[in-house]
Amino acid sequence: SGGEPEIAAAETASQMVDFLSFGLAFILGFAKTKKPQTHKRLMLASAIFMVPPAAFRLMVVTGLPVPLTLAVLIGLALAMLIYDWRKLGQPHWVSWMVLGVFLVGTPIKIGLPLLSAWQDLLVAMLG
C-alpha cells in the first residue's frame with residue numbers, strides 16, 4: 001500500500017539495526033582497548049555501521065538504484081577482510097562480524113517492516 005505507517009515501520013527497523021550494530025561494535029571496542037588490533041577494527045566497524053543511512057540517501061538523491069547501497073556496504077566489509085588477509089595472513093574475527101552484520105541485518109531491515117506485529121508494536125509504542 002506504501003502508506004505512512006509502512007514507511008515509518010521500514011525506517012524504524014533500519015534505524016534499530018544500525019543503532020544496535022553501532023552500539024555493539026563501539027562498546028566492544030571500548031572494552032578491548034588492551035588489544036590494539038581488535039580495538040582498532042571494532043572502532044572502524046562502529047564507523048562503518050554509521051554509513052548505511054548516508055549511503056541510502058546518496059543513492060536516492062543521485063537516482064542510483066537503492067540496492068547499490070548494499071554493494072557499498074559489502075565493499076567496505078570486503079576491504080576489511082582483504083586488508084586483514086594481506087597484513088595478518090587471515091581475516092580478523094571483527095572483519096567477519098562486519099560482513100555478517102550486513103548480510104544478516106539487510107534481510108531484517110527488509111522483512112521486519114512487512115510484519116503486521118512490528119507495525120502494531122510501533123503504533124502501541126509511538127501512537
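The condition (being of a type in the set (Gly, Ala, Ser), open to solvent by 60 Å² or more (accessible area, probe 1.4 Å) and farther than 30 Å from MET125 by Cα) is satisfied by just one residue among GLY75, GLY29, GLY63: GLY63. Cβ-Cβ contacts under 7 Å between residues 6 or more apart (or on different chains), taken from a first residue in the stretch 33-52 that is on the phi < 0 side of the Ramachandran plot and of a type outside the set (Val, Ile, Thr) to a second residue that is open to solvent by less than 40 Å² (accessible area, probe 1.4 Å) and not in a helix (DSSP H, G or I), are listed as GLN37/HIS92; ARG41/HIS92.
Residues that are among the aliphatic types (A, V, I, L, M) and buried (at least 16 other Cβ atoms within 10 Å of the Cβ) within the stretch 79-99 comprise MET80, LEU81, VAL94, MET97, VAL98, LEU99, listed in sequence order.
The values are calculated or read from the model by the stated rules, or taken from the named source; none is laboratory data. Please read all numbers here as calculations on a predicted model, not as lab measurements. A quick note on method: Cβ atoms are made from the backbone with ideal geometry, for glycine too, and the neighbour counts reach across all protein chains shown. Accessible surface areas use protein heavy atoms only, side chains included; no ligands, DNA or RNA. Shrake-Rupley method; radii C 1.70, N 1.55, O 1.52, S 1.80 Å.
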